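Values quoted throughout were computed directly from the atomic coordinates according to the rules given, and no laboratory measurement underlies them. Since the model is a prediction, treat every value here as computed from it, not as a measurement. Ideal geometry is used to build each Cβ from the backbone, glycine not excepted, and the neighbour counts take in all protein chains shown.
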Amino acid sequence: MFTYESKQFGAKRQRTVYFAAGWFTPKQNIAYTTAMEAIKANPTIDEENSYVPLENQYKGLRVDEHPELLEDKEWQTATFNGDCVGIKTSDIFLCTYVPDEEDIGCGVELGLAKSLGKYIVLVIPDEDYGKPINLMSWGVADTIIKLSELSKFNFNKMSFDFYEGSVY
């Protein structure tokens, strides 16, 4: 791909990401929190303008704080559609993936991102890297990296790479 150097500021281009992640189990939550810290530290990510679904739920009401929203049709529809807009308008699709604890919502988001031609990066916690992953999740990814690599991954030099683990 390319690296954009701004002549005015001499800075590398920052890209927006859609940050897909499960956050329903302790292991998913640790991966989520660690990935958010890495996103904030990565100089090639425009964190301020990126789309984090948990931070963009309808009317600012977070389902993790208000589980009763799972029964609210208006909240469900608006949150789903808002996330779809987030995928469509972000430069890159980034997904934390815990092999032993897949999140079906991330699977749907991965499929939409692939259908829209987004560059897709799966991020796997270091201790799980190399474990078998779902064939469909593997198939849509352009590259799969370790979580420890996220803060320094150059989103201006995108390329394809194979996963070192197997699939099921």
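Once amide H atoms are built 1.01 Å from N in the peptide plane, which residues 5 or more positions from residue 133, or in another chain, come under 5 Å H to H?
The answer is 166, 167, 168.
How large is log10 of I(q)/I(0) for the stretch 83-168 at q = 0.21 Å⁻¹ when the intensity is taken from the Debye formula with one equal scatterer per alpha-carbon?
For the stretch 83-168, the Cα-only Debye profile gives -1.01.
Residues of the stretch 104-141 with the amide nitrogen closer than 17 Å to a label point 7 Å from the Cα of residue 89, along Cα-to-Cβ, please.
What the label zone holds, given the 17 Å backbone N cut-off, is 113.
Given a 10 angstrom Cα cut-off, can you work out which residue in 23, 138, 75 is the most mobile in a GNM of the chain?
75
For Cα Rg over 2.2 N^0.38 Å, one of [x] 1.14; [y] 1.22; [z] 1.03 was computed from the structure I shared and the rest are decoys. Which label?
Comparing each candidate, only [z] matches the computed number.
Could you work out the local net charge near residue 75, counting Lys and Arg as +1, Asp and Glu as -1, over the other residues with Cβ closer than 11 Å to its Cβ? Numbers along the way, then the final one.
Numbers: positive: 59, 62, 73; negative: 68, 71, 72, 74.
Local net charge: -1.
Students often get this wrong: which residues of the stretch 133-147 have the backbone nitrogen under 15 Å from the point 7 angstrom along Cα-to-C-beta of residue 102?
133-141
Could you give the nm distance between label points at residue 142 and residue 154, where each point is 7 Å from its Cα heading toward the beta carbon?
Reported label-point gap for residue 142 and residue 154 is 1.5 nm.
Whole-Hz Karplus ³J(HN,Hα) for the stretch 116-124, in order, using 6.51 cos²θ - 1.76 cosθ + 1.60 and θ = phi - 60°, x for Gly and Pro?
Going residue by residue, I get 8, x, 6, 6, 10, 10, 8, 10, 10 Hz, with x marking Gly and Pro.
List, in order, the whole-Hz ³J(HN,Hα) value for each residue of the stretch 151-165 obtained from phi through the Karplus relation with A = 6.51, B = -1.76, C = 1.60 and θ = phi - 60°; use x for Gly and Pro.
Whole-Hz 3J(HN,Hα) from phi for the stretch 151-165: 5, 10, 5, 8, 6, 9, 10, 7, 8, 8, 8, 7, 7, 7, x.
Pick out which of 132, 43, 26 has the largest mean-square fluctuation in a Gaussian network model of the chain, springs linking Cα atoms closer than 10 Å.
So, out of 132, 43, 26, the one fluctuating most is 26.
If you scale each eigenvalue of the Cα gyration tensor by 5 and take the root, what three semi-axes come out for the stretch 127-168, rounded to whole angstrom and sorted largest first?
Numbers: eigenvalues 74, 35, 9 Å².
In descending order the semi-axes read 19, 13, 7 Å.
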